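What follows is a single structure, written as structure tokens, with notes after it.
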Amino acid sequence: MDADVAVIGVGTMGSMVMWQLAKRGASVIGFEQFGIGHDRSAAGGESRLFRTAGYAPLKNTNSLFVPILLESYNLWRKLEKETGEDLLTINGGLMIGNPDEDFVGNILTAINEFQLDHEIFEGESAKRRFPQHRLLDGEVMVLDKLAGYIRPELSVVTASRRAEELGAAIHRYTCVEEIEQENERVRIKANGKNYYVGKVVISAGPWTGKFLPNVKKSVITPKKIGMTWYPSRNISLFKPDRFPGFMRISNGINFFGVPTLEGSMVKIALNTLYGDIEDPDHVDKNIRMDELETINSAVKSFLPDLIPEPTRVSVHMDGYTDDNDSLVGEVPGMKNVFVISGFSGGGFKMAPAMGKIGADLIIDGKTNHNIEHLSPARF
């Protein structure tokens, strides 16, 4: 055989799975249709938020994810130590909204359950500590102290490079055309050549659906993500030491922000989407002016020191599941084929832990984390 394991899609999850498998001595090959760290999928856009107080604040499932997020923090630090790269910056993270609504309420439930280090600000104390934000009556800020931001493109490049240093092989600009079970091995056809491996991990983001013939097509839908950056009247207010990343729901607008990383503009963008994508190979990279009205209005209303006209707009995509929970585990009807995908725009923060979970499933056949709710069999 060509390897113990093949990984299809060396991006957010695939790079971490390869790193963890290689660390454990497995022979592993990866197939990536683009270059490593490309911006065509969910890893682009300069920054990603990291937090421990909850994966999906609008769903009451945080207790299932907090242990994964805490392990992910430790693994981010291990990857940094192994490579000398600076990937994760901890400068706190704010959740802003009304404590009587699910968004903040679910976060507070997770914080109390796991005794996470935090502070709560409201009224005058919020204005003094974080004057960049304008609060509505009754709103609070919850500061998750073990939160910050990640450099996504660098992280994918770093994990991939480390996997190669540990013996893995990556086939760049190589499209996988077929996956077929042949007795106890799996045949992969890529760029017209056959490869034979013991097991396969599918981590192809918005392209994942094409490799899952036994799962209904609508389970993973590619969706369009828009990111927007705004200039400031006083950019010093938005440097990492003064402006933590945040998530906020106010007046029905669900949006987030990251401190300025290059010193001239601030990423503030909607958590809501810009529509479904019929074919991930052909994506409209434009966003109409009328589609920007909601985020521009949010910036104008709630971040008065920013100029509410974006100087940069970019389009990305991810694979979204029907229930917005990911697919992690063996694919029904496809022996020795696993999937780690469908993170619905929220997976980057826990990618290292998911890489370890994937390696545990493949090598040991089990994991210490509760991931039953992520089983592909639910569809």
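The table below lists the values:
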quantity	calculated
Gap separating the Cα centres of segment 281-335 and segment 91-117, nearest whole Å	23 Å
Segment Asp241-Arg24, length gained on full extension (0.36 nm per residue, minus Cα span)	74.4 nm
Evaluated at q = 0.13, 0.14 Å⁻¹: base-10 log I(q)/I(0), Debye formula over Cα of the chain	-1.03, -1.18
Spin-label model distance (nm) - Glu262 vs Asn336, 7 Å beyond Cα toward Cβ	4.5 nm
Check: the chain dipole with +1 on Lys, Arg Cβ and -1 on Asp, Glu Cβ, in debye	580 debye
Over 23 Å between alpha carbons, listed pairs Lys239/Lys285; Lys223/Lys335; Lys78/Lys349; Lys210/Lys356; Lys224/Lys267; Lys127/Lys239	Lys239/Lys285; Lys223/Lys335; Lys210/Lys356
Ordering of 250-257, 91-98 by burial proxy (mean other Cβ atoms within 10 Å per residue, highest first)	91-98, 250-257
Using a Förster distance of 41 Å, the FRET efficiency for Glu182-Ser375 (Cβ separation, nearest 0.05)	0.95
Surface accessible to a 1.4 Å probe, Asp137 within the full protein complex, Å²	150 Å²
Surface share of carbon and sulfur [accessible, 1.4 angstrom probe, percent] for segment 250-315	46 percent
Distance between modelled label sites at Asn112 and Thr311, nm, 7 Å Cα→Cβ extension	4.4 nm
For segment 209-311, accessible area per residue (1.4 Å probe, heavy atoms of protein chains only), Å²	47 Å²
List Phe243, Phe114, ordered by accessible area with a 1.4 Å probe, largest first	Phe114, Phe243
Vicinal HN-Hα couplings computed from phi for segment 339-346 (Karplus, 6.51 cos²θ - 1.76 cosθ + 1.60; Hz; Gly/Pro x)	10, 9, 6, x, 7, 6, x, x
Residue order for Asp102, Asp305 - accessible surface, 1.4 angstrom probe, largest first	Asp102, Asp305
Relative contact order computed over segment 289-379 (Cα-Cα under 8 Å; 6+ residues apart), in percent	25 percent
Calculated over segment 49-174: convex hull of Cα atoms, volume per residue (Å³)	142 Å³
Estimated D of segment 312-358 in µm² per second, where Rh is the Kirkwood radius over Cα pairs and Stokes-Einstein applies at 37 °C, 0.692 mPa s	273 µm²/s
Between segment 352-379 and segment 166-207, the alpha-carbon center distance in angstrom	20 Å
Surface per residue (accessible, 1.4 Å probe) for segment 1-160, Å²	38 Å²
Order of exposure, largest accessible area first, which applies to Ser41, Ser264 with probe 1.4 Å	Ser264, Ser41
In nm, spacing of pseudo-spin labels at Asn234 and Asn194 (7 Å Cα→C-beta vector)	6.8 nm
Amide H partners (placed H, <5 Å) of Asp325, local residues excluded	none
Extension reserve of the Tyr173-Asp137 stretch, reckoned as 0.36 nm per residue once the Cα distance is removed	7.7 nm
Percentage relative contact order, the chain, counting C-alpha pairs under 8 Å, at least six apart	24 percent
Calculated from backbone phi, Karplus (6.51, -1.76, 1.60) coupling profile of segment 261-278 in Hz, x at Gly/Pro	10, 10, x, 10, 8, 10, 7, 10, 8, 6, 7, 7, 9, 10, x, 7, 10, 5
Part-to-part distance (alpha-carbon centres) for segment 231-254 and segment 72-90, which is given in Å	25 Å
Selected from Val186, Val197, His133, residue furthest toward positive end of dipole (segment 126-212; charges at beta carbon)	His133
The chain, helix-only ellipticity at 222 nm - DSSP H runs n ≥ 4, -39,500 (n - 2.57), divided by all residues, nearest 500	-7500 deg cm²/dmol
Rounded to whole Hz, the Karplus (6.51, -1.76, 1.60) HN-Hα couplings of segment 279-284, x for glycine and proline	9, x, 7, 9, 10, 6
Relative contact order computed over segment 189-335 (Cα-Cα under 8 Å; 6+ residues apart), in percent	33 percent
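The values are calculated or read from the model by the stated rules, or taken from the named source; none is laboratory data. What you are looking at is a predicted structure, and each value in this text was computed from that prediction instead of being measured. Every residue, glycine among them, receives a Cβ derived from its backbone with ideal geometry; neighbour counts consider all protein chains shown. The area values use the complete protein model at the heavy-atom level, side chains included, leaving out ligands, DNA and RNA. Shrake-Rupley method; radii C 1.70, N 1.55, O 1.52, S 1.80 Å.
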